[in-house]
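Data first, discussion second: the structure below is written as structure tokens.
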Amino acid sequence: MLTRRHVRIKIMQSVYALSNGNQNSLSDEVKFIKNSLTGVFDLYLIKLAFFKALQQHATNQHKINETQIRTQDSFAPLHQIIANNKCLIFLAEHKKLDLFISTKKMNHWELEFDYIKKTYATLLKSELFEVYSKLTEPTDEQQIRFVVSLFKDIIAPDDSLYHYFEDLNMTWIDDLPLVNTFLLKQLKRVDLDSQSSLEFPDFNENKEDIDFGIELFEKAIANEEDLQKELDGKTPNWDSERIANLDAILIKLAIAELFYFSNIPPKVTLNEYLEIAKEYSTPKSNLFINGVLDSLVKEYEKTNRMNKQGRGLL
């Protein structure tokens, strides 16, 4: 699930926080980075658990209405349609998901049940459900597509859920696009006859990426003065004080990669930080950072200061 770009963003944020007065010790910040990176998986689990809670709520509503002779619930005949959706049942009864939820104590929606009720009410009144409810015998593909649309059109864009995740863990705000994209792909790939079709990332497999992030952070902090010297004098039209702090951090992180990570091609480093600048810095930052880094790479190549090795580095 993790990508190197996402790791770089986390490192950029930690370096930025330290440069703006964060009082964490380096060891505490390293611990924070590790927790932040591994916490991406927790967000994925909580979002999957939301579907489980939604299906259980539909089932409970259907059972309640079954036991009542008269009901004022205008949606009474419709609860069963949601409760019987095979994809929702697949998620609600998924053994590995249930194990993760109980082991990691991710039963958030039992305490935050109002979010389930609100989403459920929105779903019942949606055009998505109106169309789906008219299918007499929906195919497996149609049932999966319904859940995909439920997530993409109702759950993911919900502002109240966004703010809930922000309050729960502030680092998740940057993780949401990554997790939402991954979860959407997983839902589309679900095979209702195979529980193994739902993927649970193994962070042991991401150890190399996490180690890269920690090393990048440590190199950037330990060599901050040297990295600053590399930047000084390379921007003749800009005094160092006039360069936005975030832009300077992105350039120095890129320089750290160019110097200390021999297996990362320079083009990859430049492209990654330019893309991060587009998203996190000012509109003009991309051109500025591109000009500085392009000039530095050419200089380092001429003076043979980059110790690059391995395939694909040209």
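The values are calculated or read from the model by the stated rules, or taken from the named source; none is laboratory data. The structure presented is a predicted model; accordingly, all values stated were derived computationally and were not measured. Cβ sites come from the backbone with ideal geometry, for glycine too, and all protein chains shown count toward neighbours.
For the stretch 1-23, give me each residue that is of a type outside the set (A, V, I, L, M) and either in contact with a helix residue (DSSP H, G or I) (Cβ under 9 Å, 6 or more places away or on another chain) or surrounded by 22 or more Cβ atoms within 10 Å (Cβ to Cβ) (or both). The answer is T3, R4, R5, H6, R8, K10, Q13, S14, Y16, S19, N20, N22.
Inside the stretch 168-204, residues that are touching a Leu at 6+ places or on another chain (Cβ under 9 Å), closer than 20 Å to L91 by Cα and at pLDDT below 95 make up a count of 2. Of the listed requirements (1) among the β-branched types (V, I, T); (2) modelled with pLDDT of 95 or more; (3) under 30 Å from G213 (Cα atoms), T103 misses just one: (2). Can you tell me which residue in the stretch 32-58 is farthest from H108 (Cα to Cα), limited to those that are modelled with pLDDT under 95 and not hydrophobic (A, V, I, L, M, F, W, C)? Ranking the qualifying residues of the stretch 32-58, first place goes to K34. Of the listed requirements (1) without any contact (Cβ under 8 Å) to a residue 60 or more places away in the chain; (2) under 28 Å from E93 (Cα atoms), A222 misses just one: (2).
Which ones in the stretch 155-181 are under 13 Å from the mean Cα position of the chain (by Cα) and surrounded by fewer than 16 Cβ atoms within 10 Å (Cβ to Cβ)? Steps first, answer last, please.
Our first condition is that a residue be under 13 Å from the mean Cα position of the chain (by Cα); within the stretch 155-181, this holds for 156, 162, 165-166, 169-181.
Those that are under 13 Å from the mean Cα position of the chain (by Cα) and surrounded by fewer than 16 Cβ atoms within 10 Å (Cβ to Cβ): Y162, E166, N169, M170, I173, P177, T181.
When N24 is tested against the conditions (1) in a loop (DSSP other than H, G, I, E, B); (2) touching a Ser or Thr at 6+ places or on another chain (Cβ under 6 Å), the lone failure is (2).
Of the helices (runs of 4 or more DSSP H) entirely within the stretch 112-215, those holding at least 2 residues that are of a type in the set (S, T, N, Q) and out of contact with any strand residue (DSSP E or B) (no Cβ under 7 Å at 6 or more places or on another chain) occupy 113-124, 140-149, 172-189.
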